[in-house]
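This report concerns only the one structure given below.
The values are calculated or read from the model by the stated rules, or taken from the named source; none is laboratory data. Not measured: the values here are computed from a predicted model. Every residue, glycine among them, receives a Cβ derived from its backbone with ideal geometry; neighbour counts consider all protein chains shown. Heavy atoms of the whole protein, side chains included, go into the accessibility calculation; ligands, DNA and RNA do not. Shrake-Rupley method; radii C 1.70, N 1.55, O 1.52, S 1.80 Å.
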Amino acid sequence: MKRAQAVRTLLPFLALLALGCAGGGGSQENTVLPQAPVSVLVGGSVTRDDRTEALYWRDGTPVSLENEAGMHAGVSALAVSGTDVYAVGGHSGFPGSGAMWKNGALTEVRAPLADLPSSVGLTGIAVSGADVHIAGTVNGNSPYSLAVRWKNGEGTVLGGGAVLSWASGIALKGADTFVAGWDGGAKYWKNTVAFGLGSATGTGDVAAVAVTDAGEVLTAGYVLNLAGVQVATLWRNGEPVALSDGVLPASALALAVAGGDVYAAGYVVVGTTRVAATWKNGVQATLRATSGRDSEATGIAPYGRDVYVSGSDGGNAVLWKNGAETLLSDGRSQAWASSICLVHR
């Protein structure tokens with residue numbers, strides 16, 4: 001099974017106005033605002049000279065994150081709050097912990113059971129005021145992993161111990177925290193209370209979570225249908241709605257809400273090729289991948305009349321705007337884009 005990912009209206013004089021972030025298993029609600037120039041931030045990694053570096057691209061220009069020489073690192077999710085840019089992911093200098101960057105500066109995110117040998121995978125981040133919320137997974141000596149939520153560095157175990165468990169995305173709504181993941185089955189947690197996600201076969205996974213203005217909890221991922229085909233799925237308060245046709249294998253990896261519209265991003269498999277795809281209110285569209293090789297959409301951010309999508313295409317990190325693809329990496333190095341944020345310039 002594949003593990004995967006609040007808008008703030010600020011005064012115009014601020015350098016950044018966060019419009020929304022999605023991907024890496026994270027998702028935050030977007031509000032339709034009057035069209036104005038935006039900067040596009042895409043998180044990910046680039047591998048060159050046998051070293052993987054964490055970075056994000058701002059309007060196509062790479063912005064490096066702190067990383068000691070010889071170490072490997074990558075970004076799995078982004079968030080923006082005011083003028084601050086946050087990222088989470090992995091760093092080989094922290095073999096038993098996860099990594100968070102704030103404005104490029106690196107911080108270790110420790111497992112909540114610090115006395116046990118473990119590894120940490122961070123998959124989502126959301127910021128509200130001074131509070132930083134992170135979702136991820138802790139693997140320890142037990143054969144079963146733990147789904148964990150961190151608030152300002154303090155970890156809370158949500159599930160696991162007796163079954164496989166992991167966290168794949170996070171969203172905030174008021175004082176409540178929502179985490180998508182797996183704990184013996186696909187589910188989400190509201191604060192620390194678990195809610196199961198339905199499917200006809202009981203088999204599937206969830207990659208992203210969002211909450212509407214009305215308080216409806218949306219999650220996205222896939223289920224296996226009775227024919228054994230992977231179906232991209234949106235759950236509304238736990239009830240599944242198929243996004244793909246159930247004939248071609250597909251999965252949703254990211255989720256966003258804009259006004260009354262629900263967007264998802266992921267892939268469908270056509271023949272033997274994985275093809276990046278999006279869904280708007282259940283209507284599927286595939287994205288042209290210029291490499292002709294495998295591609296997938298990892299984050300989606302609608303804004304006004306435009307839809308921005310992060311993803312990968314044949315080993316390159318890419319950005320699609322209204323279906324038109326732009327390479328973020330140079331084509332000479334292996335690169336991956338995990339998530340996307342939009343901010344006012």
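What to note about this one:
- Apart from one condition, residue 290 fits all of (1) of a type in the set (Val, Ile, Thr); (2) assigned to a loop (DSSP other than H, G, I, E, B); (3) buried (at least 23 other Cβ atoms within 10 Å of the Cβ); the exception is (3).
- Odd one out for residue 25 among (1) at pLDDT below 95; (2) open to solvent by 30 Å² or more (accessible area, probe 1.4 Å): (2)
- Close Cβ contacts (under 9 Å, 6 or more residues apart or on different chains) running from residues in the range 244-261 that are farther than 26 Å from residue 123 by Cα and among the β-branched types (Val, Ile, Thr) to residues that are part of a loop (DSSP other than H, G, I, E, B) and open to solvent by less than 50 Å² (accessible area, probe 1.4 Å) comprise 247/229.
- Single match in 242, 297 (criterion: closer than 25 Å to residue 171 by Cβ, of a type in the set (A, V, I, L, M) and open to solvent by 60 Å² or more (accessible area, probe 1.4 Å)): 242
Yes/no per residue for (1) touching a strand residue (DSSP E or B) at 6+ places or on another chain (Cβ under 9 Å); (2) under 19 Å from residue 98 (Cα atoms); (3) open to solvent by less than 30 Å² (accessible area, probe 1.4 Å):
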residue	(1), (2), (3)
135	yes, yes, yes
138	yes, yes, yes
144	yes, yes, no
147	yes, yes, yes
151	yes, yes, no
156	yes, yes, no
160	yes, yes, no
163	yes, no, no
178	yes, no, yes
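- Qualifying strands (runs of 3 or more DSSP E) (wholly inside the range 219-259; at least 2 residues being over 15 Å from the mean Cα position of the chain (by Cα) and more than 23 Å from residue 306 (Cα to Cα)): 230-236, 239-242
- Listed by first and then second residue, the pairs linking a residue in the range 317-345 that is more than 23 Å from residue 85 (Cβ to Cβ) and open to solvent by 60 Å² or more (accessible area, probe 1.4 Å) to a residue that is among the β-branched types (Val, Ile, Thr) and part of a strand (DSSP E or B), with Cβ atoms under 9 Å apart and 6 or more places separating them unless they lie on different chains, are 322/307; 334/46; 334/47; 334/52.
- Qualifying residue in the range 51-68 (condition: among the basic types (Lys, Arg), over 19 Å from the mean Cα position of the chain (by Cα) and either surrounded by 16 or more Cβ atoms within 10 Å (Cβ to Cβ) or assigned to a loop (DSSP other than H, G, I, E, B) (or both)): no
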